[in-house]
Amino acid sequence: MTDSAAQTAELRDVMASCLNLDNPRSFFLFAGAGSGKTRALVDAMQIFREKCGEEFRVSARKVSVITYTNAACDEIKHRIDYDSMFSVSTIHRFAWELIRSYHDDIREWLGHNLIIQISALEEKQRKGRAGKASADRAVQIESKKKRLARLNTIKYFAYNPNGENIGKNSLNHVEVISISTAFLADKPLMQRILIRKYPILLVDEVQDTQKDLVDAFLAVQGEHSKEFCLGLFGDDMQRIYSDGKTGLAEAIPNDWAKPAITVNHRCQKRIVRLINMIRAEADAQTQEPREDASEGFVRLFLVQDGEEANKIAVESEIAGRMAKITSDNQWFGENREVKTLTLEHHMAARRGGFSDFFEPLYQIANFKTGLLDGNLSGIPFFSQQVLPLVMALQSADRFAVTRIVKKSPLVSADTLELSKSPMDEIRKADDAVRSFFTLWDDDNDPSLTAVLKAIAATGLLAIPDVFAPVMSRSDSAEDESDTDDSAESAHDPRIDAWDKALAAPFSQLKSYVQYISDKSPFGTHQGIKGLEFPRVMVILDDNEARGFMFSYDKLLGAKEPTSTDQRNLEEGKDTAVDRTRRLFYVTCSRAKSSLAIVVYTVEKKKIATHLKNAGWFEDDEIIDI
């Protein structure tokens, strides 16, 4: 038996022991990059089905499996033959299924939360001064008061985990997670409901699952360890979202099982050796390649940084060199198939041609996660309604247009029922579509603001509340010259961000959607979770990244850690080097066969010397451009 087969057999034995309804034992499975974590998760499900499938079906209980994306859900469902004994879902869908029947409790939570939000806004309004911020807050206060006033008229609440939630009875993504977390933490009955329905809960990518909800799961397990098995799958080194669970190793109770998968089934030998070196100073976890893995290629290219550098041309030259080094013509030319990964999303946005839309929103801290997964309030309206409509119109797909327009308020069931002439309403919707599509006449590329205004003018689609403050602003420019730092800014940065983003041409929205759907040749550490590519180019450029959260110069030895870094290190907090090491590990570990690392720096000699001394690269693997 090979080492890999022996490890797989041992892992199955551990999970079979844990997934025992008579004596359940919770577990945390460490699974590094490329280790086949999804396969291990599916193995756990199949083990349980063999042992307890019939008993679960008779008792109407299920095993709940939470994973990160809809694509991952589909893959897992396929692998377990769509067995209804397993409830496989994203975290948002799971949270909604948990609370969806408790409308009175949801109403009470929302009422309390809205009162707190309104009070905070009114306090700012009293202390603030006239200007955009004041006008924006007035719209927000009015909107929240209206929502609070109609809460008692809502019989049931609705939520779509994969779309924009704009109905009067709709909850948004953040609310669903917050409500489910609060119910699990504060309502013992909700804990009992969870355990009764799902005695076994398996959480994939736990390091990036919303930390408050993970803490709630851990608390439930602590209270009900004899009847509830919590299985967590992940790797803290691959944590990439700021709202993910930190300190996993410390959070796992001592009596849990802690198996590990140490074989990397994705990467060739040279890449495995590199990623082991990258994480060596972070923890003691290492991997070994498959027995049948080939050697693979790794090269580090050092490029002198400067304003005059044509980075697109440099990166194209490097791709050409990699084609020769690897004898692989898919690195360059007509057959090129390379994934280019950057530190920051705005770097990918610039290369991908959607920075005018992306960058203003990305600068708002609490917008980032929603912007990156496409669920930021307002985004699904464009990505799932407006963009498909425009593409259907451009391709003259009448059936697709009809399917989308059926959801228009102009032809809703209520509208048609109340109308004296339903056909007039249908004609009105048809005229609205024709009027809307004139924005693209003569190959025009209208701004997103123009698109919103055209939709609002005809009522073609229901526009989300998030755009109400933007739409209510005057078209006339207001005085923005006040720079008194002691007084409150005259702007609400979130609404200003949308103002700027919506000034971008519609084509950038399309490029952005391709990016977050992983249909772009560019990506970042966040965008490639769980993915793999034969050829990867990683771009390291601190100056272009413009961030203070990460520093490749520090990680690679060009700069010394700051006093803040030293203090954070002593206090056990994340440092810039810690964060940078994690994302460097994630990006490099996406490569299956060949990896090119491009470093823009003014300290080429320092970096080369540091990395040679650290043993990360051989002399002939470091190339000075």
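The values are calculated or read from the model by the stated rules, or taken from the named source; none is laboratory data. All figures in this text were calculated on a predicted structure; none of them were measured in a lab. Cβ coordinates were reconstructed from backbone atoms using ideal geometry, including for glycine residues, and neighbour counts include every protein chain displayed. Just so you know, the surface numbers come from the protein's heavy atoms only, side chains and all, with ligands and any DNA or RNA stripped out. Shrake-Rupley method; radii C 1.70, N 1.55, O 1.52, S 1.80 Å.
Could you tell me how far the Cα centroid of segment 201-218 sits from the Cα centroid of segment 542-594, in Å? Here the answer is 25 Å between Cα centres. Here r is the Cβ-Cβ distance between R39 and W256 and R0 is 35 Å; the resulting FRET efficiency, rounded to 0.05, is 0.95.
Quick one: plug the Kirkwood hydrodynamic radius of segment 225-309 (C-alpha pairs) into Stokes-Einstein at 37 °C, 0.692 mPa s, and report D in µm²/s. Kindly include the intermediate steps, with their values, before the conclusion.
Details: Rh = 16.4 Å.
Diffusion coefficient, whole number: 200 µm²/s.
Taken along the Cα-to-beta-carbon direction at a fixed 7 Å, the label points for V58 and A9 span 3.3 nm. The Rg/Rh ratio for segment 259-350 is 1.03, where Rg is the radius of gyration of the alpha carbons and Rh is the Kirkwood radius.
Quick check: from the Cα gyration tensor, does segment 384-472 come out rounded (a/c under 1.5), prolate or oblate? Mind showing how you got there, number by number?
Numbers: a/c = 1.90, a/b = 1.23, b/c = 1.54.
It comes out oblate by the Cα gyration axes.
Using bins of 10 Å that start at zero, the share of Cα-Cα pairs per bin across segment 269-321 amounts to 19, 32, 28, 19, 2, in whole %. Taking 32 Å as the limit for the C-alpha separation, the pairs K155/K420; K62/K146; K144/K420; K197/K510; K77/K554 exceed it in the case of K62/K146; K144/K420; K197/K510; K77/K554.
Given a 1.4 angstrom probe, what's the average accessible area per residue across segment 1-68, in square angstrom? Write out the running numbers ahead of the final one.
On the way: 3000 Å² over 68 residues.
That works out to 44 Å² per residue.
Partner aspartates and glutamates whose Cα lies under 16 Å from the Cα of K604, excluding those fewer than 8 positions away in the same chain, are identified as D305, D541, D542, D553, E560, E618, D619, D620, E621, D624.
Debye calculation, C-alpha points only, no solvent: report log10 I(q)/I(0) for segment 15-110 at q = 0.13 Å⁻¹, in the same order as the q values. These q points yield log10 I(q)/I(0) values of -0.55.
If you sort the three axes of the alpha carbon gyration tensor as a ≥ b ≥ c, you get a/c of 1.5 or more for the chain and a/b no higher than b/c, which makes it oblate.
Here, P(r) means the percent of Cα pairs in each 10 Å bin from 0 to the largest distance; for segment 167-264 it is 13, 44, 32, 9, 1, 0.
Compute the relative contact order of segment 329-447 as a whole-number percentage, counting only Cα pairs closer than 8 Å that sit 6 or more residues apart in sequence.
On the way: 57 pairs, mean separation 11.2, N = 119.
RCO, segment 329-447: 9 percent.
Take the alpha carbon gyration tensor of segment 549-625, find the square roots of its eigenvalues, order them as a ≥ b ≥ c, and report rounded if a/c is under 1.5; if not, report prolate when a/b exceeds b/c, else oblate.
Since a/c reaches 1.5 but b/c is at least a/b, the shape of segment 549-625 is classed as oblate.
Contact order, relative form, for segment 346-416: 13 percent (alpha carbon pairs under 8 Å, 6 or more residues apart, mean separation divided by residue count).
Per-residue ellipticity at 222 nm for the chain, helices alone: DSSP H runs ≥ 4 residues times -39500 (n - 2.57), over residue total, nearest 500 deg cm²/dmol? Intermediate values should be presented prior to the final figure.
On the way: 28 runs with 307 residues, N = 625.
Roughly -15000 deg cm²/dmol at 222 nm, from the helical runs in the chain.
Centre-to-centre separation between the Cα atoms of segment 419-440 and those of segment 52-109: 40 Å. Share of carbon and sulfur in the accessible area of the chain stands at 49%, probe radius 1.4 Å.
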